[in-house]
Amino acid sequence: MSPGVELIVVMLIFLGLLCAGMTIPFAITVPSVLYLLLHAGLPGLKGIGLVSWGSMNSFTLTAIPLFILMAEILQESKLSLRVYHGLSKLVSWIPGGLLQTNIAGCAIFAAISGSSVVTAASIGRVALPELQKRKYDPQLSAGSLAAGGTLGILIPPSIAMIVYGTFTETSVAKLFMAGVMPGLLLTVMFMAYIAIHTWLKPTAAPVEKGARSTRELTAALLDVFPFVVLIGGTIGSIYTGLVTPTEAAAVGCVLSMIIAVFWGEFSVRILWLALQTTTRVCGNILFIVYAAFLFSYAISYAGVGEQITQFLVNLKLSKLEFFLALFVLYTVLGCLVESLGMIVVTVPLLYPVLLQYGIDPIWFGVILVLFIEMGQISPPIGINLFVIQSIWNGKLSDVVMGTIPFHLIMFVLLGLLVLFPDIAMWLPSRAAVVP
């Protein structure tokens, strides 16, 4: 059996195990080990010990539990409620009212959490009861929260970018900086769509007045101020080159505890709950990363990566045609595979091809995250759809229908990034970052 056929068999086993309900880490590990056995027999398993150590012995990956802990401290200490309340006074005067607060709240929480699920759940729990009470359009309400949650992996810090940077040995700090402008642009595009939609259809959202006095405005600013300090302390220190992303995550954890003490509810019990959740989430993420390194080892052992690179180069596709092929691949995968699974399965295979086409890995990292964002709100397994569905009493079909316009907006941003790469590359080219 040729290596190419073996790889096809392995990928079919992977998809079959996913369809059968097996979790991502095991669905990757099982076919990887089978591939090694198919290609090299028992001697092929000898390198697994070194792979196991090398995959986890990474300073960069240390940032993942730290960023997750930072977000969990803020979530457990009820600070997401406070920032949403403050933003509702600052931005709800824009057409769309509290729907605009959904997007703005997700954008700010995204700059802290690094996770789309945490972002969608944190803002969704606070927003949905208020939206339902004030008779907002249910589809637009759910869609704005599910789509807004995806900003959690585009606006830095981003766990997806950390994993991508680990596999491609790309500067995580530069990846973070590359995600800033597209993330802010996508936020503005989401808010513009909501404003236009509610202007054309006034029944979708009641008119809100925002802050009615100087006292209310001051109180709203004080509610948002701690998050501005936290974002400035983490992302700002990376941009200026003072710290690495891992060190910035540690700074963020300390700042989040200080903020929780003075602005939220903080106790030993809350810290314990945050640590418990962080452990569970990190266990899942790092297991996926380990399984992916095993998969990467299996395909490199057989030399499949080089064969795929040569095959694609021999097709003589233009850069645009190659990108369109990637677009189709990731659109389909986004409907079937969880976000980190998309990264860890495809990047080891495609990264050498990217280099052959002269595609900048920093730019492609942003493109890949956008594909993942679309996958997170794509049925049947778009995880943000189920996160929102789990915290309200509406229909899943309303959540799905509500995300369709936001899907189209992401396609527009994707096109803009292809036509104008400097949207992503301008900031990292000027930032004094350290790796």
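A few remarks follow.
- Scanning the range 160-185 for residues being surrounded by 24 or more Cβ atoms within 10 Å (Cβ to Cβ) and β-branched (Val, Ile, Thr) gives a total of 3.
- Within the range 123-143, considering residues that are of a type in the set (Lys, Arg) and not in a helix (DSSP H, G or I), the one farthest from residue 75 (Cα to Cα): 135
- Flag for residue 146 being closer than 25 Å to residue 285 by Cα and either hydrophobic (A, V, I, L, M, F, W, C) or modelled with pLDDT of 85 or more (or both): yes
- Within the range 191-248, tally of residues that are among the polar types (S, T, N, Q), out of contact with any Pro (no Cβ under 9 Å at 6 or more places or on another chain) and not in a loop (DSSP other than H, G, I, E, B): 5
- Of all residues in the range 86-121, those being crowded, with 24+ Cβ neighbours inside 10 Å, in a loop (DSSP other than H, G, I, E, B) and hydroxyl-bearing (Ser, Thr, Tyr) number 1.
- Qualifying residue in the range 194-213 (condition: aromatic (Phe, Trp, Tyr) and touching a helix residue (DSSP H, G or I) at 6+ places or on another chain (Cβ under 9 Å)): no
- Helices (runs of 4 or more DSSP H) lying entirely in the range 358-435 (those with 1 or more residues that are of a type outside the set (D, E, K, R) and under 30 Å from residue 240 (Cα atoms)): 361-376, 396-419, 422-430
- Pairing each residue of the range 53-75 that is in a helix (DSSP H, G or I) and of a type in the set (D, E, K, R) with any residue that is at pLDDT 85 or above and surrounded by 24 or more Cβ atoms within 10 Å (Cβ to Cβ), provided the two are 6+ apart or on different chains, yields C-beta distances under 8 Å for 72/274.
The values are calculated or read from the model by the stated rules, or taken from the named source; none is laboratory data. Quick caveat: nothing in here was measured; it's all calculated off a predicted structure. Every residue, glycine as well, gets a Cβ built from its backbone with ideal geometry; the counts of neighbours run over all protein chains shown.
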